[in-house]
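For reference, the structure discussed in these notes is given below.
Rule-based calculations on the coordinates, nothing more; no lab input. Remember, predicted model here, so these are calculated numbers, not experimental data. So basically every Cβ, Gly included, is an ideal-geometry build from the backbone, and we count neighbours across all protein chains shown.
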Amino acid sequence: MRRPSVDQARALLESDLLAGREALAGMTAEDCWPAFVRFGRRRFDLPDSPDVDGILFQYGTYACGGPPTFTLDLTRQFDVVDSDGDHDHYVQLHCELRHGPSSASAGLGSFTSWFFHDADGDVGLWARGLTEQPAWTVIRALRPTEIRVYQTRV
């Protein structure tokens, strides 16, 4: 069976996130994370080499040209190679949940965890380990003010 291309990734992520829903509005981390993990299990048509398919779970409070915002960023990163098989660029597909500042989220600081297919074992075990951390109790209770799905070339 042929794997989907990286060009199909955004539509597949949006489909996984919206399964049974009409819009992202009203979703929480508890809704988005399982859908993102399902998307993270999906394998894409990529070279057979380490670190070409990564999943990033990160959060922190950032003020990028505006007021401080607690952001939970779920990212899938694909390594795109040139015709010689050498690294050309990365494509990063983000599901970003933004939250207004709160004392609960301020106490979390920042955190980053990567998972790479073909290097780190089972994505489900990695994902479960993240939701078993004390920070997840706080993240679960937060209600996003905005959810964005977007793709960047890095």
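Structure summary
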item	result
Low-density loop positions, trypsin sites (Lys or Arg not before Pro), the range 1-57 - DSSP coil, at most 10 other Cβ in 10 Å	ARG2
Simple label model, 7 Å out from Cα along Cβ direction - SER103 to ASP82, nm	5.5
Listed residue (PHE111, LEU130, ALA19) projecting farthest to the positive dipole end of the chain, Cβ model	ALA19
Length added when fully stretched, ARG41-ALA25, from 0.36 nm per residue minus Cα-Cα	3.3 nm
Inter-probe distance in nm under a simple model that places probes 7 Å from Cα toward Cβ, at ALA141 and LEU18	3.3
Inter-site label distance for GLN133 and ARG2 at 7 Å from Cα along Cβ, in nm	3.9
Computed over the chain: relative contact order in percent, which uses C-alpha pairs under 8 Å that are six or more apart	27
Sparsely packed GluC sites (Glu not before Pro) within the range 1-64, loop by DSSP, other Cβ within 10 Å at most 16	GLU22
